[in-house]
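Since the structure comes first, as structure tokens, the remarks are kept for the end.
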Amino acid sequence: MKHLIILGDGMADWAVPSLGNKTLLQYAHTPCMDMLARMGRTGMLKTVADGFHPGSEVANMSVMGYDLPTVYEGRGVLEAASIGVDLEPDDMAMRCNLVCIEGDILKNHSAGHITTEEADELIRALEERLGSDRIHFYTGVQYRHLLVVKGGNKHVACVPPHDIPLQPFRPNLVKALVPEAQETADLLNGLIMASQDLLASHPLNLKRMSEGKDPANSIWPWSPGYRPKMEPLANKYPSIRKGSVITAVDLIRGIGRYAGLRCIDVEGATGLYTTNYEGKAQAAIDALKTDDFVYLHIEASDEAGHEGDVDLKLKTIEYLDQRAVKPIWEAVKDWDEPVAIAVLPDHPTPCELRTHTAEPIPFLIYYPGIESDAVQAYDEVSCREGGYGMLEKDEFMNLFMNS
């Protein structure tokens, strides 16, 4: 049996008063996911281990069955793997957002969803002016980039920028957790302030502002770590002789590379609601013809949650159902070699809060011959009554891969 995970990043949510106190998954029209829930089995999954921040890297590694206390080293190292930066043992890698600062307020974590092409111009300017033998900036995707500090101490507190929209940035600057990390904290804060001086007058930002767009006028480094010790999924699940990951997000590509999966690029995959759903669905169908395991990651709902846009998030959930899950289901349902399908988010991104939370998420599993439970719809409330109950750690992945 082949195995496909369809992950709608951040699509779980809280009850919304304007939707009759329903969650977005309850309110959205999702006939295909509801059908799979009725025909399959459902449950809840704790994807954020105790003591961990509910980041997408934490939750996706957890979905794949990795033991977080053993392997977790932050987002930066995963994005380094994605863009082909080979880390040395003493390199500290960090996610480096381009953000928009307005006065003393961090207006948004994405610099108004700057394009990769625009961002590359700014990252190259940062590398030229602020880079050194010790400090290097690397272009990633859209607002998500990489900072590598040779000899950096990872024991610093860095607030993710998507956790503090519309809040003052200065109280959230980097802080040392141990005395030995004070030099690193001072270095990073110095880079933040120097980047603001450099980027404020950059011609690209002046052009963006003249067009009514948010400027990318600061860096925001966070999630430090060293090269992780992740073993390929095939070592734990021998049925995965060949696997692949489909995503528009660097950190998921990085997880995929460390997990031993090939990364499949899809033209028009943006990570936003404008992403090429049909192209990603077709890429998953094509990959399943040759691969044993496919991890299809779609980011759009998470971005809508960070924007606090209920209507947009509803649209992304319905797009996932009709433009990804449905065509995949219709393509594989009659294959001679059956395909097990799991659908789930990695974590909630409530529109009310505009950032991630650590509550357990709903999941469904379907494959031909599965004994269904009594759940009739796919959402946070219904799946609490699912036949799988509450799972954690590697229980979901073990259960799914052994189906």
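The values are calculated or read from the model by the stated rules, or taken from the named source; none is laboratory data. The structure presented is a predicted model; accordingly, all values stated were derived computationally and were not measured. Cβ sites come from the backbone with ideal geometry, for glycine too, and all protein chains shown count toward neighbours. When the accessible area is computed, the model is the full protein with side chains, heavy atoms only, and any ligands, DNA or RNA have been set aside. Shrake-Rupley method; radii C 1.70, N 1.55, O 1.52, S 1.80 Å.
Taking every alpha-carbon pair in the range 60-160 and binning the separations at 10 Å intervals from zero gives 14, 41, 35, 10, 0 percent.
Rolling a 1.4 angstrom probe over the protein heavy atoms with all chains in place gives the range 254-403 an accessible area of 38 Å² per residue.
Taking amide H as placed 1.01 Å from N in the peptide plane, D13 has its amide H under 5 Å from the amide H of L24, L25, each at least 5 places away in sequence or on another chain.
Centre-to-centre separation between the Cα atoms of the range 256-329 and those of the range 379-403: 21 Å. Among beta bridges identified by DSSP and lying wholly in the range 222-367, the antiparallel ones come to about 30 percent. How far, in degrees from 0 to 90, does helix 310-320 lean away from the longest principal axis of the Cα atoms of the chain, to the nearest 10? The helix 310-320 is inclined about 50 degrees to the chain. For G152, the residues 5 or more places off, or on other chains, whose built amide H falls under 5 Å of its own are M92. Between the exposed loop cleavage positions of the chain, defined as GluC sites (Glu not before Pro) in a non-H, G, I, E, B DSSP state with at most 11 neighbouring beta-carbon atoms within 10 angstrom, the longest gap is 1-210.
Taking a straight Cα-Cα cut-off under 13 Å and skipping sequence neighbours fewer than 8 places away in the same chain, the aspartates and glutamates within cross-link reach of K175 are E183, D186.
Residue by residue, the range 152-168 carries 3J(HN,Hα) couplings of x, 9, 6, 8, 10, 8, 10, 7, x, x, 6, 8, 10, x, 6, 10, x Hz when phi is fed to the Karplus relation 6.51 cos²θ - 1.76 cosθ + 1.60 (θ = phi - 60°); x denotes Gly or Pro. Which lysines have a Cα lying under 25 Å from the Cα of K22, excluding residues fewer than 8 positions away in the same chain? Partners within reach: K46, K313, K315, K326.
In straight-distance terms, cross-link reach from K213 covers every one of the lysines whose alpha-carbon lies under 21 Å from its own, apart from those fewer than eight places away in the same chain; here that gives K107. Exposed loop positions in the chain were taken to be trypsin sites (Lys or Arg not before Pro) whose DSSP state is not H, G, I, E or B and which have at most 12 other beta-carbon atoms within 10 angstrom. Between these positions, the longest stretch is 1-133. Applying the criteria of a DSSP loop state and at most 14 other Cβ atoms within 10 Å to the chymotrypsin sites (Phe, Trp or Tyr not before Pro) of the range 332-396 yields W335.
Averaging the sequence gap over all C-alpha pairs within less than 8 Å and six or more residues apart, then dividing by the number of residues, gives the range 127-180 a relative contact order of 26 percent. Helix 182-200 and the longest principal axis of the C-alpha atoms of the chain enclose an angle of approximately 80°.
Less than 5 angstrom separates the built amide H of L391 from those of M44, L45, K46, all sequence-distant by 5 or more or on a different chain. Residue-wise HN-Hα couplings along the range 20-33, as the Karplus relation 6.51 cos²θ - 1.76 cosθ + 1.60 with θ = phi - 60° gives them from phi, are x, 6, 9, 6, 5, 5, 5, 7, 5, 8, 10, x, 6, 5 Hz; Gly and Pro carry x.
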